[in-house]
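The values are calculated or read from the model by the stated rules, or taken from the named source; none is laboratory data. Owing to the predicted nature of the structure, the values given are computational and were not obtained by experimental measurement. Methodologically, a virtual Cβ is constructed for each residue, glycine included, from the backbone with ideal geometry; neighbour enumeration extends over all protein chains shown. Note: accessible area is taken over every heavy atom of the protein model, side chains too, but ligands, DNA and RNA are not part of it. Shrake-Rupley method; radii C 1.70, N 1.55, O 1.52, S 1.80 Å.
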Amino acid sequence: MAESTPVVFVVDDDISVRESLEFLVRSVGWRPETFDSADDFLARPPLSVPCCLVLDVTLPGLNGLELQDRLAGRSEMPIIFITGHGDVPMSVRAMKAGAIEFLTKPFDDQVLVNAIRGAIERSRTALRADAETRALRACYESLTSREREVMALVVAGLLNKQVGGQLGISVITVKAHRGQVMRKMKADSLPDLVTMAARLGLQAAPKH
């Protein structure tokens, strides 16, 4: 995946906060994008570059915590909350839902920069993992139905003879399919193949 300039999204209804954070983000070398409401932000198509979201808790319409709920599962975009009047239950809820930081205004610029830096690293890691999983799924989809059957039995721990017996094919044919599976999945070893099956969420075939 080609590296691109990380993007820092800022959602805050206070224009002075948006402008100051835009300047701060730009000064560090990242690309800022600012929004004055959660709805405006949601209308922006997702990016596939490292990014994070600096989010005010109190917003008109959809508030910050509600936006966080909407974005659940978006591990490639960690959230840093900022608030002028946060309380403990609010911060606990935000952190439990996956926020990586909860800062109360006014906060030190360097504290926010450090939080953003950590968030971007998390985003980069999540994007890399997602790209690897998509590539793995593409490899799996290139297998024939018979190769998928052989793969399922092999990762379940069956020997070639057992696989052949279960599928009603010869050991030589099993070996040929197994070789194709290893090549198409780009697996260097059986443990590699087992790990790949786990990452793809494949159900292990029952042993007979």
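Couple of notes before you dig in:
- J(HN,Hα) series, the stretch 159-170, from Karplus relation 6.51 cos²θ - 1.76 cosθ + 1.60, nearest Hz, glycine and proline x: 7, 3, 5, 5, 4, x, x, 6, 9, x, 10, 6
- Cα-Cα P(r), the stretch 35-119, percent of pairs per 5 Å interval: 3, 14, 27, 27, 21, 8, 1
- Remark: the stretch 59-98 is approximated by an ellipsoid whose semi-axes, taken from the C-alpha gyration tensor as √(5λ), come to 17, 13, 9 Å, largest first.
- The mean sequence distance of close C-alpha pairs (under 8 Å, at least 6 residues apart), as a share of the length of the stretch 1-149, puts its relative contact order at 22 percent.
- Relative to the dominant Cα principal axis of the chain, helix 109-141 is inclined by about 20°.
- With all protein chains in place and a 1.4 Å probe, the accessible surface of the stretch 55-99 carries 56 percent carbon and sulfur.
- The modelled label-to-label distance for the pair Asn114/Thr173, using points 7 Å beyond Cα in the direction of Cβ, is 6.4 nm.
- Between Ser37 and Ala97, the distance separating the two model label sites (each 7 Å from Cα on the Cα→Cβ line) works out to 1.9 nm.
- Across the stretch 101-115, the residues whose backbone nitrogen lies under 12 Å from the label position 7 Å along the beta-carbon direction of Thr58 are 105.
- Excluding same-chain neighbours fewer than eight residues apart, no lysines are reachable from Lys96 by a Cα-Cα span under 20 Å.
- Ignoring aspartates and glutamates fewer than eight residues from Lys175 along the same chain, the ones with Cα atoms less than 12 angstrom from its Cα are Glu147.
- Relative contact order of the stretch 64-208: 20 percent, from C-alpha pairs under 8 Å at least 6 residues apart in sequence.
- The stretch 69-208 - charge dipole about Cα centre, Lys and Arg +1 at Cβ, Asp and Glu -1, debye rounded to 20: 660
- Compared with the dominant principal axis of the Cα atoms in the chain, helix 15-28 is inclined by about 60°.
- Whole-angstrom Cα spans of the chain along principal axes, big to small: 73, 35, 28
- As a calculated quantity, the FRET efficiency between Lys161 and Arg134 at R0 = 35 Å, using C-beta atoms, amounts to about 0.50.
- The residues of the stretch 1-111 expose, per residue, 50 Å² of accessible area to a 1.4 Å probe.
- Rounded to the nearest 20 debye, the dipole magnitude of the stretch 1-145 is 560 debye, with +1 charges on Lys and Arg beta carbons, -1 on Asp and Glu beta carbons, and the Cα centre as origin.
- Report summary: the helix-based calculation at 222 nm, which adds -39500 (n - 2.57) for every DSSP H run with n ≥ 4 and divides by the residues of the chain, gives -17000 deg cm²/dmol.
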